[in-house]
Structures are given as C-alpha cells and as structure tokens.
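Asks: Supplied in structure tokens, the structure appears directly below.
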Amino acid sequence: MGYTIAQKIIKSHLVSGEMKTGSEIGLKIDQTLTQDATGTMAYLQLEAMGCDRVKTELSVAYIDHNTLQAGFENADDHRYIQTVAKKHGVRFSRPGNGICHQVHLERFGAPGKTLIGSDSHTPTAGGIGMLGMGAGGLDVAVAMGGGEYYITMPKMIRINLVGKLPDYVGAKDIILEVLRLLGVKGGVGAIVEYAGEGVKTLSVPQRATITNMGAELGATSSIFPSDEVTREFLRAEGREDVYVPLQSDSDAEYDDEYTIDISKLTPLAACPHSPDNVRPVSSLSGMKIDQVCIGSCTNSSMLDMLTVAAMLKGKTVHPDVSLSISPGSKQVYNMLAECGALADLIAAGARILECACGPCIGMGFSPKSKGVSLRTFNRNFLARSGTADAEVYLVSPETAAASAINGVFTDPTTLGEAPRVEIPKQFTVNDNLIEMPASMDAADAVLVERGPNIKPIPKGEAPAEDLSLKLVLKVGDNITTDHIMPAGTKVLPYRSNVPKLSEFCFTVCDKDFPKRARELGGGIILGGQNYGQGSSREHAALVPLYLGIRAVVAKSFARIHVANLINFGIVPLVLECEDDYEKISQGDDLYIKSFRKAVADSDSATIINRTNGARIGVKLNFTKRQREILLAGGMLNFTKQKNS
C-alpha cells in the first residue's frame with residue numbers, strides 16, 4: 001500500500017510509536033513559530049525547562065496579535081520576546097513585518113518539513129506542501145528544546161477538486177463549501193489532503209486560504225501537493241532551493257473521500273455564529289451591512305489584495321459602510337505601494353490597517369452594536385469581534401469588496417466581467433524586519449528584559465487520591481477557546497499575567513464564573529460536544545488551572561485543547577453515555593473514588609453525584625505518557641522529574 005502526502009512526511013519524521021490510526025506517535029519537528037499572544041508564555045516555559053538554545057532547524061517569534069499598545073503591557077511583552085529570542089537562538093519578526101502564517105509561507109515554509117506553532121492556523125503552511133500543526137505553547141517549547149511532538153496518528157481524508165473556479169468565486173468559497181459538507185467536527189482526528197485536476201488551477205496563496213481554515217474543521221492539518229505551482233511560488237520568493245516535489249502514491253488509501261466540482265461553486269458566506277453555518281451569498285443579497293473587514297491570515301495575500309484593489313478602483317465605499325483592509329505582510333504592503341494598488345484602495349475610502357491580525361481577534365475595529373460585519377476571516381464566534389451582539393459573516397474578498405461598494409450583501413457574480421488579476425512573477429524580498437539571534441558565543445551577554453506584567457507560570461498539581469468537588473460551571477456544545485478565555489483589546493495584554501487574566505475566564509458564558517470558582521476553591525466543569533474548539537491558546541487550560549479547576553467532563557473534546565488540559569494537569573473525562581449530561585447540574589457535589597488510581601491505570605471511572613444520587617460513567621482515554629504527565633501535575637513537572 002502506498003502513502004498519502006501526510007503519511008510520507010510523518011514516516012520521515014517518526015521518532016516513536018507506530019503509524020497506526022488512533023495510536024500515539026512522536027514526531028521530530030523541523031520548524032516552530034510563536035506569536036505574541038501565546039509566545040510570552042511559551043518562552044517562559046522554555047526558560048523554565050532550562051533550555052539554553054533551541055534545537056530546531058528554524059524557530060521564529062512573530063509579533064502580530066497584540067499590536068495595539070494602549071498601555072505598557074504589550075510593549076513589555078514584545079521586548080521580552082525580542083530579547084529572549086535573541087538569547088535562545090530564535091529569529092524575531094518585528095511588529096509591522098506581518099502576520100505569522102503569511103510571512104512564514106513567504107519566507108520560511110518548505111515542502112516536506114514539519115512545523116508546529118502556538119496558533120491554531122499553523123496548518124496554513126499546508127498550502128506549500130508542509131505538515132503544519134497548531135499546538136499549545138508548552139508543546140512548542142518542548143519542540144524548541146529538541147523534544148518530540150506527540151499526536152494521535154490521524155486518519156486521512158481526501159478531497160478531490162475538479163474543474164476551475166468561475167469568475168468572482170474564490171478559494172474562500174471552496175473551504176466554506178468543505179465546511180458546509182463536513183461541519184466544524186468533520187476533520188477531527190484527521191488530516192485533509194487536497195487532490196485532483198482542480199488543484200493545478202490554484203495558486204499557493206489560494207491553497208493556503210483553504211488549509212488555513214482546515215482548523216475550523218477540527219482537522220489535525222490540511223495539505224496540498226508540492227508541484228510546479230509550488231516551485232513557481234518559491235522561485236518568486238527567491239527560495240526555489242527548498243523546493244521538493246511531493247505527491248501521494250497512486251495506491252494510497254484514504255479513510256474518507258469527497259469530490260467537489262469547483263466550477264459549479266457560487267459565492268458563499270458563513271452566517272453567525274459558526275464557520276459551518278454556510279449559505280449562498282445570493283440568498284442574503286440585499287441585507288444591509290455596516291462594516292467590511294478584509295485581511296487576516298486567511299485572506300491577506302498579494303493575490304487577495306490585488307483582487308480587492310481591482311474591484312474598488314474608481315469606486316467609493318458606500319457611505320453606510322466602514323471598510324478596513326489589513327495586508328498580510330510588509331512584503332504585500334510594499335508591493336501594493338509599488339504597483340499603485342494601494343492608492344486605489346485609499347482612494348476608494350478603505351481604512352488601511354497595519355500588517356497584523358487586528359480585527360480578526362477583536363484587536364480594534366469592532367462593529368457597532370447589533371452591527372452586520374462581513375469579514376474575510378476564519379472565525380465568526382459569538383463576541384469574538386469585540387461586540388457581543390454583532391452579526392459576523394465570513395466571506396471571500398470578492399464578496400467583501402462587492403458588498404462594501406453597494407452597502408448591502410452583494411453576490412459579486414452579478415457585477416459583470418471580473419477584473420483580471422495575476423500574481424507577480426517576482427516578489428519584493430526585504431527581510432530587514434527579521435532579526436537574527438545572537439551567536440552561541442554572544443548569547444550569554446544578552447539581557448532578557450521582563451516587564452512588571454509578566455507573572456510566574458501557575459503550576460499544576462498531582463491528582464488527589466479521591467476527587468470531591470462541586471460542578472462550578474455547566475456549558476453546552478461547541479464551546480470555543482474564545483468562550484473560555486476571550487481575546488480582544490481588554491484581555492490580550494494580560495496573556496503573560498494569569499492572575500489578572502483569570503478575571504475574564506468564561507465571562508462570555510457566565511460573568512460570575514471567576515468569582516464563584518475562587519470562592520469554591522476550584523471545582524469541575526461540564527461541557528457538551530467539541531469542547532475547546534477554536535484557537536490553540538493554552539490559556540484556556542492554564543487560567544482554569546489557576547482558578548482551581550481539576551477536571552473537565554465533556555461529551556467530546558477538540559484535539560489541541562485536550563492536549564493543553566493534560567499539559568497543565570487538568571484531567572479531561574469523556575462521558576460514556578452522552579445522555580448522562582442531563583444528570584449533572586451546576587452546583588452539584590461530585591465524587592470519584594480512587595481518582596488518582598484511575599488516572600494511573602484505568603480506562604474508566606464513575607462519578608457519583610452526591611446531590612441527586614446519580615452515577616455517571618466516564619472514560620479516561622489516555623496514553624501511558626499522558627497518564628505520567630497527569631500524575632506529575634502537568635508537563636513542566638513531568639519534564640523536570642525526567643531530567644532530575
């Protein structure tokens with residue numbers, strides 16, 4: 001039997017375990033990336049592990065999330081990351097250089113390599129034939145220190161693309177169609193591979209848009225072949241030397257397979273408040289809109305920007321619409337200025353934001369109350385925009401531009417002939433905002449600067465012999481990391497200050513949760529399906545740990561979040577019978593006899609609800625390594641014990 005693209009990369013990087021679906025494997029990681037909302041904690045963890053120098057082929061620290069500096073906190077974190085990166089052998093991408101995934105695709109991504117990043121959209125690198133995976137900051141720190149990255153061997157999903165995209169239909173519409181077909185849980189435990197004749201018609205930026213939003217499927221990663229299109233992109237970036245061809249074998253086997261005729265696609269939109277709530281734009285035509293945001297790591301490439309500029313040229317944004325545009329990188333911004341497209345955007349009335357994540361994470365440009373916002377982003381979770389009652393729709397750049405002009409939801413296919421846009425054959429390369437680390441000889445002289453907002457990392461505790469705690473919070477299905485640990489301008493500056501950050505934990509769901517958790521001295525959380533979906537932010541585990549949460553019970557968990565819970569010593573328990581969810585209410589007294597022993601060597605346990613007498617079975621789906629981590633009280637304790 002032959003291998004898929006992902007299986008070939010896994011096979012060449014396998015350090016431990018067997019390539020058997022569902023079993024745990026350890027991978028050698030070639031490259032890592034961090035961003036500033038998660039990076040401070042990742043480097044604090046790297047220091048705590050006693051790692052003097054990173055051992056990866058390449059590690060890059062990006063500043064792209066916390067770029068609004070309303071106080072000293074973000075600036076202090078940036079200086080800490082800059083100095084700790086210089087000392088430990090990490091390249092530093094300065095503020096203004098661009099969004100981590102866009103810059104990494106342009107300047108560092110390489111076919112056939114492995115990459116993990118402390119950001120859930122790291123699979124963007126799959127657009128270049130790289131195996132990119134989102135991970136918690138602690139997992140990234142371990143990889144930087146030379147350790148393996150552990151995942152469950154994924155199943156393989158193949159999506160065959162046939163045909164060619166019609167005018168005004170973009171790569172965003174392809175991934176929205178995939179989300180419509182599979183849903184936000186459709187990729188859980190899988191790597192999605194794209195194949196078929198339609199692949200050859202898609203540029204690397206288009207492919208990267210698709211792999212970027214594979215995160216919304218819950219997939220471990222998404223990947224395209226490395227072919228002549230890939231070679232052409234790398235040549236344009238002056239990096240053809242890293243090109244290697246990479247295809248699946250003709251006899252490779254897949255667990256699931258789907259076919260999409262992209263020539264029959266129409267413009268699509270993900271409606272509030274989930275990326276898989278997809279409808280045709282034509283069914284929304286005429287709906288009044290208030291705001292349009294174009295950019296993010298999903299749609300901020302040169303191709304996207306040129307397409308929008310061509311559609312806006314000679315026109316004016318509707319007076320009732322506020323339009324923001326965020327180029328994905330300095331390279332894109334520079335080239336827009338050189339070719340005149342930037343002038344077209346400005347003349348049309350667009351507000352040009354810096355090369356950063358910005359509105360995508362609620363970092364400015366929040367909609368008005370009850371506002372309708374069209375965004376070319378990847379997530380439209382409730383309140384993520386910074387406005388709790390906003391209605392956020394995810395659309396392509398083509399739909400965004402057409403709607404910005406008309407002031408209402410507009411199907412761009414009704415506009416007549418589409419402007420012709422081509423990717424430049426040569427990109428302007430200037431890496432002057434990427435700082436190289438100090439040499440090994442000079443590293444000792446580098447002083448790491450720590451501002452007063454940087455607080456110590458909370459430490460996990462070993463499981464108690466018996467677990468006896470109250471249910472401090474009960475939530476429903478598809479609880480995201482944005483629900484658990486919100487982002488936005490008020491919250492993100494405290495990512496390195498867990499005590500302060502804890503004031504915001506779960507307040508999207510229950511504003512009294514932090515106070516209640518403190519008063520009770522901690523407790524247990526109950527969730528529904530797909531608990532912890534969304535971003536890789538480990539703070540969604542780290543902050544509940546600080547508030548005394550010792551276990552989370554759910555119908556099912558998202559991949560990255562369950563890994564983060566284990567890394568910080570919080571025990572994730574899966575309901576054996578989903579109907580038992582109804583047998584537990586917030587405030588109930590819950591008890592598990594011989595809890596520590598169950599974590600050590602049992603696949604199941606029984607929760608006794610002392611409030612109503614119910615008995616609830618739960619599964620402990622852990623590997624031997626995960627059990628050892630939990631028994632140590634988390635990955636940091638486990639690592640120290642191993643190295644002592």
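The values are calculated or read from the model by the stated rules, or taken from the named source; none is laboratory data. Computed from a prediction, not measured in an experiment: that's the story for all the values here. Positions of Cβ are backbone-derived with ideal geometry, glycine not excepted, and every protein chain shown enters the neighbour counts.
Asks: Looking at (1) in a loop (DSSP other than H, G, I, E, B); (2) among the hydrophobic types (A, V, I, L, M, F, W, C); (3) assigned by TED's automatic domain parsing to the domain that holds E628; (4) modelled with pLDDT of 95 or more, find the lone condition where V448 falls short.
Replies: So V448 meets the others, but not (3).
Asks: I would also like to ask the following. Which ones in the range 157-176 are surrounded by 22 or more Cβ atoms within 10 Å (Cβ to Cβ) and of a type in the set (D, E, K, R)? First the steps, then the outcome.
Replies: Of the residues in the range 157-176, the ones surrounded by 22 or more Cβ atoms within 10 Å (Cβ to Cβ) are 157, 159, 161, 168-176.
Matches in the range 157-176: K172, D173.
Asks: Here is a further query. Within the range 351-389, how many residues are hydrophobic (A, V, I, L, M, F, W, C), closer than 23 Å to G286 by Cα and without any contact (Cβ under 8 Å) to a residue 40 or more places away in the chain?
Replies: 0
Asks: Would you please name the residue that is modelled with the highest pLDDT, looking only at residues in the range 179-231 that are basic (K, R) and over 21 Å from V421 (Cα atoms)?
Replies: Step by step, filter the range 179-231, then rank; the result is R180.
Asks: Right, S468: surrounded by 19 or more Cβ atoms within 10 Å (Cβ to Cβ) and among the polar types (S, T, N, Q) or not?
Replies: no
Asks: Can I ask one more? Can you name every residue in the range 334-376 that is assigned to a loop (DSSP other than H, G, I, E, B), buried (at least 24 other Cβ atoms within 10 Å of the Cβ) and touching a Pro at 6+ places or on another chain (Cβ under 6 Å)?
Replies: Answer for the range 334-376, where residues must be assigned to a loop (DSSP other than H, G, I, E, B), buried (at least 24 other Cβ atoms within 10 Å of the Cβ) and touching a Pro at 6+ places or on another chain (Cβ under 6 Å): C355, T376.
Asks: Right, here's the next one. Can you pull out every residue in the range 452-470 that is within 29 Å of the chain's Cα centre (by Cα) and either in a strand (DSSP E or B) or under 24 Å from S536 (Cβ atoms) (or both)?
Replies: Within the range 452-470, N453, I454, K455, P456, I457, P458, K459, G460, E461 meet the criteria.
Asks: Go through the range 290-320 and give me each residue that's surrounded by fewer than 23 Cβ atoms within 10 Å (Cβ to Cβ), among the hydrophobic types (A, V, I, L, M, F, W, C) and closer than 11 Å to A401 by Cβ.
Replies: A310, V317 - these are the residues of the range 290-320 that are surrounded by fewer than 23 Cβ atoms within 10 Å (Cβ to Cβ), among the hydrophobic types (A, V, I, L, M, F, W, C) and closer than 11 Å to A401 by Cβ.
Asks: Residue check, P205 against (1) more than 23 Å from K113 (Cα to Cα); (2) not in a loop (DSSP other than H, G, I, E, B), all met but one. Which one?
Replies: Failing condition for P205: (1).
Asks: Only one of V543, V552, V599 is without any contact (Cβ under 8 Å) to a residue 40 or more places away in the chain, in the same structural domain as I484 (by TED's automatic domain parsing), closer than 17 Å to E461 by Cα and crowded, with 18+ Cβ neighbours inside 10 Å. Can you tell me which?
Replies: Of V543, V552, V599, the one residue that is without any contact (Cβ under 8 Å) to a residue 40 or more places away in the chain, in the same structural domain as I484 (by TED's automatic domain parsing), closer than 17 Å to E461 by Cα and crowded, with 18+ Cβ neighbours inside 10 Å is V552.
Asks: Just to be sure I understand, how many residues within the range 381-430 are modelled with pLDDT of 95 or more, in a loop (DSSP other than H, G, I, E, B), β-branched (V, I, T) and closer than 30 Å to Y531 by Cα?
Replies: 1
Asks: To continue, here is another question. Pairs only if they're at least six apart or on different chains, beta carbon under 9 angstrom, first in the range 418-445 and surrounded by 13 or more Cβ atoms within 10 Å (Cβ to Cβ), second among the aromatic types (F, W, Y) and part of a loop (DSSP other than H, G, I, E, B); list them, first residue then second.
Replies: Listed by first residue and then by second, the contacts come to A418/Y168.
Asks: Here's another thing I want to ask about it. Exactly one condition in (1) more than 30 Å from the chain's Cα centre (by Cα); (2) over 21 Å from G17 (Cα atoms) is false for D601; which is it?
Replies: Among (1) more than 30 Å from the chain's Cα centre (by Cα); (2) over 21 Å from G17 (Cα atoms), the lone unmet condition for D601 is (2).
Asks: Given the conditions (1) modelled with pLDDT of 95 or more; (2) of a type in the set (G, A, S); (3) surrounded by fewer than 24 Cβ atoms within 10 Å (Cβ to Cβ), report the number of the one that G532 does not fulfil.
Replies: G532 satisfies all of (1) modelled with pLDDT of 95 or more; (2) of a type in the set (G, A, S); (3) surrounded by fewer than 24 Cβ atoms within 10 Å (Cβ to Cβ) except (3).
For (1) in contact with a Gly (Cβ under 9 Å, 6 or more places away or on another chain); (2) under 30 Å from F233 (Cα atoms), each residue gets a yes or a no:
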residue	(1), (2)
N334	no, yes
L342	no, yes
I352	no, yes
V372	no, no
R379	yes, yes
A383	yes, no
A404	yes, no
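Asks: Moving to a separate point now. For G187, state whether it is of a type outside the set (A, V, I, L, M, F, W, C), in contact (Cβ under 8 Å) with a residue 12 or more places away in the chain, crowded, with 24+ Cβ neighbours inside 10 Å and touching a helix residue (DSSP H, G or I) at 6+ places or on another chain (Cβ under 9 Å).
Replies: Yes.
Asks: A401 fails exactly one of the following numbered conditions: (1) surrounded by 24 or more Cβ atoms within 10 Å (Cβ to Cβ); (2) touching a Leu at 6+ places or on another chain (Cβ under 8 Å); (3) within 14 Å of G371 (Cβ to Cβ). What is the number of that condition?
Replies: (3)
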